[in-house]
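Accompanying notes for the structure given below.
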Amino acid sequence: MTNKELADLIFPNVDKTIEDYEKIYKNRELKEGTMVTRFAPSPTGFVHIGNTLQALTDYLLSRNSGGIFFLRNEDTDTKREVNEAMDKIMDTLDYLGFTPDEYQYKEDIVGEYGPYIQSKRKEIYHAFIKHLIEIDRAYPCFCTSEELDEMRKKQEAKKLQPGYYGAWAKCRDLTNEEKAERIKNGDAFVIRFKSMGNPNRKIEYHDLVTGIIEFPENNNDMVIMKSGDLLPTYHFAHVVDDHLMKTTHVIRGQEWLPSVPLHLEMFNAFGFEPPKYIHNSLLLKQDGNSRRKISKRKDPEALMDYYIEKGYPSVSVIESLMTILNSNYEEWRDANPDKSYLEFEFNPSKVGTTGALYDLEKLDNISKNIISKMTKDQVYELLVKYTEKYDKDFYDIITKDENYTKEILNIEREQEKPRKDFACMSDVKNSIWYMFDELYSPENYEWMKITDIDEIKNIANTYLNEYYNQDDDKDTWFNKVKELTDSLGYCSNMKEYKVNPDAYKGNVADISTVLRVALTSKSQTPDLYCIMKLLGKERMEMRINNL
Ligand code: GLU
């Protein structure tokens with residue numbers, strides 16, 4: 001029995017050949033140096049921060065070179081598939097602003113290299129597998145999982161390389177007749193790639209990040225098509241897809257680095273040129289004195305939902321990942337504070353090869369800085385979008401008087417050294433709640449030096465009735481606070497006060513604090529002059545009367 005006959009027996013309905021597909025998936029007419037990248041997540045129901053690092057690299061490389069960035073849904077592991085997982089991926093890309101040039105989602109197929117969902121490409125994979133059987137580079141394997149378990153145990157006991165190779169590869173040497181008989185008999189089988197590698201020989205592989213790496217050749221006959229659903233495994237599917245979809249650069253996690261020899265061998269078996277690979281470093285978390293892989297079970301920040309639900313601007317997450325992606329990014333950012341990260345030219349040789357520390361404190365600092373530079377309108381827009389979804393009560397309050405909210409957000413903003421107090425939108429309510437009557441119910445007045453309530457009431461009432469004027473400019477306002485200070489036996493001149501503290505009841509800072517706490521209940525707030533102006537005399541009166 002010829003290989004062709006065996007291949008026909010296994011795939012009787014596959015009538016297209018590799019050549020047919022080559023004609024359908026034409027070369028992309030792109031200029032030299034243009035990169036075609038893809039984000040190829042498995043729809044697991046969550047997007048890991050490590051996936052975002054990959055998608056960011058993909059997006060950046062494609063934008064850097066005027067190329068294509070496409071999305072491919074790698075759903076061949078149906079056991080792991082979760083409903084609505086695709087929504088999550090699309091929402092996350094939308095949040096990040098990484099709009100794919102080509103993708104498939106619900107009814108939409110955008111791009112000419114689809115389907116972009118692997119489970120819808122089954123017949124394509126079958127044509128490619130059929131070809132491998134015809135050229136004797138793939139074969140059906142009938143070993144049961146019990147047999148494979150037993151094999152694994154024996155290999156472990158003898159401390160041998162695990163896998164299906166050499167004498168362990170029982171089905172490799174069955175004759176075509178034997179294979180056909182078992183197939184006709186209805187025996188379940190998978191298809192394995194027939195490796196020609198010898199681990200005593202080395203392959204040299206040029207990695208864009210690390211340079212030349214030497215690997216022992218692969219000799220493991222890996223499964224390329226599963227029994228049951230007849231879908232391919234990742235190893236095989238990516239070879240076919242990245243070839244047909246003309247991917248130039250595959251950016252993926254470091255966990256795939258050991259599979260490079262197998263992947264190169266498969267590209268070789270077809271005579272296809274492999275894409276270039278970039279393996280991103282693992283993201284690590286500091287845990288006491290040691291570092292460990294950031295884990296979706298232990299660390300909420302491992303998943304993108306964390307950032308979305310907390311209301312981090314996506315650019316903050318992107319900036320923090322950029323510092324991990326290329327070691328020279330921070331230097332570039334300092335020199336180019338106003339440029340978009342997309343103008344940074346990615347350099348693969350500056351990608352870390354060991355794990356990179358992913359640090360939430362650093363993210364918060366980056367984010368505070370970014371938000372502080374936004375205009376009040378930008379912050380308002382972000383806040384509205386966020387609260388509409390995650391805090392509807394607050395949304396109703398802040399949108400009731402848009403200008404009032406914007407002016408609150410504008411306190412110590414749009415100036416040379418803006419205030420850096422929000423890292424994410426869920427921080428905002430905690431910082432400005434006291435500006436809204438609906439939220440103002442002080443449970444805890446943070447009085448400092450002056451705690452006597454009669455004295456407090458006296459200071460606040462005297463100020464309101466005798467000094468405060470809504471139209472005062474900032475200097476006049478401050479002079480009046482000083483006048484109030486002196487008139488009540490406190491000292492408005494800090495130098496004098498320091499020389500002779502016993503001569504006074506306290507100083508101007510104590511008086512300001514009383515006014516601040518009386519109006520907001522907080523001892524620390526942004527600029528008090530602005531707060532008073534925004535609250536307005538009527539509201540101030542109400543709050544002071546309630547003391
Ligand atoms: N589906 C694979 C994963 O999620 C993708 C790896 C790749 O990008 O090639 O790990």
Exercise. Residues in segment 38-52, backbone N under 18 Å from the label point at residue 292 (7 Å along the Cα-to-beta-carbon vector): list them, ranges by number please.
Key: 49-50
Quiz prompt | Calculated from backbone phi, Karplus (6.51, -1.76, 1.60) coupling profile of segment 427-432 in Hz, x at Gly/Pro | solution = 7, 5, 4, 4, 8, 10
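If you add up the charges near residue 181, with Lys and Arg at +1 and Asp and Glu at -1, over every other residue whose beta carbon is less than 14 angstrom from its beta carbon, what do you get? Walk me through the numbers on the way to the answer.
Values: positive: 179, 182, 184; negative: 5, 177, 178, 187.
It works out to a net charge of -1.
Quick one: of the DSSP bridges fully inside the chain, what percent are antiparallel, nearest 5? Please list the in-between numbers first.
Details: 21 of 36 bridges.
Roughly 60 percent of the DSSP beta bridges within the chain come out antiparallel.
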Quiz item: What number comes out for the charge environment of residue 449, summing +1 per Lys or Arg and -1 per Asp or Glu over other residues with Cβ under 14 Å away?
Solution: -2
Quiz item: Which value, in debye to the nearest 20, describes the size of the charge dipole of segment 346-405 about its Cα centre when Lys and Arg Cβ atoms bear +1, Asp and Glu Cβ atoms bear -1, and nothing else is charged?
Solution: 360 debye
Exercise. Pull up all non-local amide H partners of residue 38: gap of 5 or more, or a different chain, and H-to-H distance under 5 Å with H placed in the peptide plane.
Key: 70, 251
Quiz item: When all C-alpha to C-alpha distances in segment 56-118 are sorted into bins of 10 Å, what percent of pairs does each bin hold, rounded to whole numbers?
Solution: 20, 51, 27, 3
Practice problem: Diagonalise the Cα gyration tensor of segment 239-282 and give the resulting equivalent ellipsoid semi-axes, square root of 5 times each eigenvalue, largest first, whole Å. | Solution: 18, 12, 7
Practice problem: For segment 351-469, just the Cα atoms, rotate onto the principal axes and tell me the three extents in Å, largest first. | Solution: 66, 35, 31
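Over the Cα atoms of segment 85-187, what is the Rg over Rh ratio if Rh follows Kirkwood? All intermediate terms of the calculation are to be shown ahead of the outcome.
Working: Rg = 20.8 Å, Rh = 17.9 Å.
Reported Rg/Rh (Cα atoms, Kirkwood Rh): 1.16.
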Exercise. Measure nothing fancy, just the Cα-based angle from helix 508-520's long axis to the longest principal axis of the chain, in degrees from 0 to 90, nearest 10.
Key: 60 degrees
Practice problem: Show the residues, 5+ positions off or on another chain, whose built amide H is closer than 5 Å to the amide H of residue 138. | Solution: 133, 194
Quiz item: Tell me, what HN-Hα J-couplings in whole Hz come from the Karplus equation 6.51 cos²θ - 1.76 cosθ + 1.60 at θ = phi - 60° for each residue of segment 151-160, using x for Gly and Pro?
Solution: 4, 4, 4, 4, 5, 4, 4, 8, 6, 9
Quiz prompt | Debye log10 I(q)/I(0) at q = 0.11, 0.13, 0.22, 0.26 Å⁻¹ for segment 1-83, Cα point scatterers | solution = -0.54, -0.70, -1.01, -1.15
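Using Cα pairs under 8 angstrom and six or more residues apart, how large is the relative contact order of the chain, in percent?
Details: 763 pairs, mean separation 63.3, N = 547.
Once normalised by length, the contact order is 12 percent.
Please state the charge dipole magnitude for the chain, taken about the Cα centre, from unit charges on C-beta atoms (+1 on K and R, -1 on D and E), reported in debye and rounded to the nearest 20. Walk me through the numbers on the way to the answer.
On the way: 75 positive and 95 negative charges, 305 e Å.
It works out to roughly 1460 debye.
Looking at segment 442-547, what % of the alpha carbon pairs are farther apart than 18 Å? Don't skip to the end; give the middle numbers.
Working: 2485 of 5565 pairs.
Percent of Cα pairs beyond 18 Å in segment 442-547: 45.
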Quiz item: Mind checking the alpha-carbon convex hull of segment 288-380 and giving the volume per residue in Å³?
Solution: 121 Å³
Exercise. Assuming R0 = 60 Å, can you tell me the calculated FRET efficiency for the pair residue 331 and residue 493, based on Cβ-Cβ distance, to the nearest 0.05?
Key: 0.85
Quiz item: Can you list the lysines whose alpha carbon sits under 24 Å from that of residue 482, skipping same-chain ones fewer than 8 residues off?
Solution: 449, 457, 474, 495, 498, 505, 522, 533, 537
Quiz item: Long-range amide H contacts for residue 209: which residues qualify at under 5 Å (H placed 1.01 Å from N, peptide plane, sequence gap of 5 or more or a different chain)?
Solution: 279
Practice problem: With θ set to phi - 60°, apply the Karplus curve 6.51 cos²θ - 1.76 cosθ + 1.60 along segment 253-267 and write out the HN-Hα couplings as whole Hz, x wherever there is a Gly or Pro. | Solution: x, 5, 5, 8, 4, x, 8, 4, x, 4, 5, 5, 5, 5, 4
Self-check item: Reciprocal mean inverse distance between Cα atoms of segment 206-256 - Kirkwood radius, Å
Solution: 13.3 Å
Practice problem: Please compute the net charge surrounding residue 458, taking Lys and Arg as +1 and Asp and Glu as -1 over other residues with Cβ under 14 Å from its Cβ. | Solution: -3
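Using only alpha carbon positions, build the gyration tensor of the chain, then give the equivalent ellipsoid semi-axes as the square roots of 5 times its eigenvalues, largest first, whole angstrom. Mind showing how you got there, number by number?
Values: eigenvalues 880, 100, 90 Å².
Each semi-axis is the square root of five times an eigenvalue, giving 66, 22, 21 Å.
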Quiz item: What residue among 124, 24, 42 has its Cα farthest toward the positive end of the dipole of segment 1-125, where the charges are +1 on Lys, Arg and -1 on Asp, Glu, each on the Cβ?
Solution: 42
Quiz item: Which one of 524, 497, 487 has its Cα pushed farthest toward the positive end of the charge dipole of segment 482-535, where Lys and Arg give +1 and Asp and Glu give -1 at the Cβ?
Solution: 524
Self-check item: Proximal aspartates and glutamates relative to residue 31, as straight alpha-carbon distance under 19 Å, when same-chain residues fewer than 8 apart are discounted
Solution: 58, 101, 102, 112, 242, 273, 345
Quiz item: Projected area of segment 221-348, taken from the Cα convex hull and averaged over every viewing direction, in nm²?
Solution: 11.8 nm²
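A short reminder: the numbers here are calculations on the coordinates, not readings from a lab. What you see is a predicted model; the values in this text were computed from it and never measured. No Cβ is skipped: glycine too gets one built from the backbone with ideal geometry, and neighbour counts run over all protein chains shown.
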